[in-house]
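**Q** Pasting a structure here, questions to come.
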Amino acid sequence: SPEPSTSATDKVGAAGIQATMPFYRGVHRSVTTDSREHALLLFCPLVEQSTECLAAWQLLAACYAQPFFQQLRVEQNIGYAVSCRFYQAAGRCGVLFILQSPRVLVDELAGRIEAFLQGMTPQLAALTPQSLAARSASLLGELAEQPAGAMAQSLKHWLQQRYGQDDLSAAHFSRITPPQLLAWHRQLIAERAGWWWVNNATQ
């Protein structure tokens with residue numbers, strides 16, 4: 001399972017893993033932490049191993065990130081750790097959601113993530129080709145500025161092994177139209193059975 005290095009999840013990643021029984025769909029793990037706050041990670045892996053899906057998932061993460069923070073951190077004020085980003089770990093790429101709250105229980109945190117994803121459907125449906133092109137250009141700029149850290153090197157290795165190339169190009173992103181990105185978003189939601197949930201709920 002993914003183990004991002006953040007203050008909200010350091011202990012989650014280091015703890016022993018055991019099965020849990022939340023109602024929401026996917027693969028679930030619960031870990032024991034010293035924190036009294038409720039922490040939840042959701043990792044949505046690529047639904048297919050293709051450069052098209054890889055580019056779409058990075059665009060989706062870029063489209064989700066700001067609204068996710070705005071809605072859950074600013075408007076709903078669930079806690080200080082609210083993050084959404086593209087993530088790669090252990091040979092799996094996907095979109096990672098992170099929440100930590102002193103008052104909202106894990107099951108409700110899960111419900112809020114799912115509600116957020118459902119709420120993103122009309123926003124993505126309203127994307128114009130111009131706004132998507134601007135988002136793609138911004139994402140490419142961010143990727144170009146990223147330091148060559150462990151994740152970047154791991155992703156480059158993953159691309160080299162599977163596709164014989166070191167990085168995604170502007171062409172990979174420019175080929176994605178607003179209707180296609182919306183379709184990828186709907187497919188991400190439809191593949192709940194493949195989601196990974198990690199939480200620190202007590203058994």
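**Q** Which residue, of 168, 143, is open to solvent by less than 50 Å² (accessible area, probe 1.4 Å) and at pLDDT below 95?
**A** Values: 143 fails: open to solvent by less than 50 Å² (accessible area, probe 1.4 Å).
So the residue among 168, 143 that is open to solvent by less than 50 Å² (accessible area, probe 1.4 Å) and at pLDDT below 95 is 168.
**Q** Criterion first (over 16 Å from residue 197 (Cα atoms) and touching a His at 6+ places or on another chain (Cβ under 6 Å)) does residue 55 satisfy it?
**A** For residue 55, the condition - over 16 Å from residue 197 (Cα atoms) and touching a His at 6+ places or on another chain (Cβ under 6 Å) - is met.
**Q** Out of 106, 95, report the one residue that is closer than 22 Å to residue 178 by Cα, buried (at least 20 other Cβ atoms within 10 Å of the Cβ) and either within 13 Å of the chain's Cα centre (by Cα) or β-branched (Val, Ile, Thr) (or both).
**A** On the way: 106 fails: closer than 22 Å to residue 178 by Cα.
On inspection, the qualifying residue turns out to be 95.
**Q** If you don't mind, there's one more thing I want to ask. Does residue 129 meet the test of being open to solvent by less than 20 Å² (accessible area, probe 1.4 Å), closer than 30 Å to residue 169 by Cβ and either in contact (Cβ under 8 Å) with a residue 12 or more places away in the chain or more than 15 Å from the chain's Cα centre (by Cα) (or both)? Break it down stepwise before answering.
**A** Working: open to solvent by less than 20 Å² (accessible area, probe 1.4 Å): no; closer than 30 Å to residue 169 by Cβ: yes; either in contact (Cβ under 8 Å) with a residue 12 or more places away in the chain or more than 15 Å from the chain's Cα centre (by Cα) (or both): yes.
Here the answer is no, as residue 129 does not meet what is asked.
**Q** When you look at residue 71, is it polar (S, T, N, Q), open to solvent by less than 50 Å² (accessible area, probe 1.4 Å) and not in a helix (DSSP H, G or I), yes or no? Don't jump to the end; show me each part of the working.
**A** Working: polar (S, T, N, Q): yes; open to solvent by less than 50 Å² (accessible area, probe 1.4 Å): yes; not in a helix (DSSP H, G or I): no.
The answer is no for residue 71.
**Q** Just a yes or no: is a residue in the range 69-81 among the hydroxyl-bearing types (Ser, Thr, Tyr) and either under 28 Å from residue 171 (Cβ atoms) or at pLDDT 95 or above (or both)?
**A** Here is the first cut: in the range 69-81, the ones among the hydroxyl-bearing types (Ser, Thr, Tyr) are 80.
Filter again for either under 28 Å from residue 171 (Cβ atoms) or at pLDDT 95 or above (or both), leaving none.
So far as the range 69-81 goes, no, none of its residues is among the hydroxyl-bearing types (Ser, Thr, Tyr) and either under 28 Å from residue 171 (Cβ atoms) or at pLDDT 95 or above (or both).
**Q** Can you name the residue in the range 109-124 that is touching a helix residue (DSSP H, G or I) at 6+ places or on another chain (Cβ under 8 Å) and open to solvent by 60 Å² or more (accessible area, probe 1.4 Å) and, of all such residues, is farthest from residue 199 (Cα to Cα)?
**A** Step by step, filter the range 109-124, then rank; the result is 123.
Okay, residues lined up against (1) of a type outside the set (Ser, Thr, Tyr); (2) at pLDDT 75 or above:
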residue: 154; (1), (2): no, no
residue: 164; (1), (2): yes, no
residue: 182; (1), (2): yes, yes
residue: 189; (1), (2): yes, yes
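**Q** Go through the range 62-93 and report how many residues are closer than 24 Å to residue 48 by Cα, in contact (Cβ under 8 Å) with a residue 40 or more places away in the chain and among the aliphatic types (A, V, I, L, M).
**A** Qualifying residue count for the region: 3.
**Q** Name every residue in the range 174-203 that is part of a helix (DSSP H, G or I), closer than 25 Å to residue 99 by Cα and small (Gly, Ala, Ser), in order of residue number.
**A** Hits for the range 174-203 are 190, 193, 194.
The values are calculated or read from the model by the stated rules, or taken from the named source; none is laboratory data. For clarity, every value in this text was computed on a predicted model and none was experimentally measured. Cβ: placed from backbone, ideal geometry, glycine included. Neighbour counts: every protein chain shown. SASA here: full protein model, heavy atoms, side chains in, ligands and nucleic acids out. Shrake-Rupley method; radii C 1.70, N 1.55, O 1.52, S 1.80 Å.
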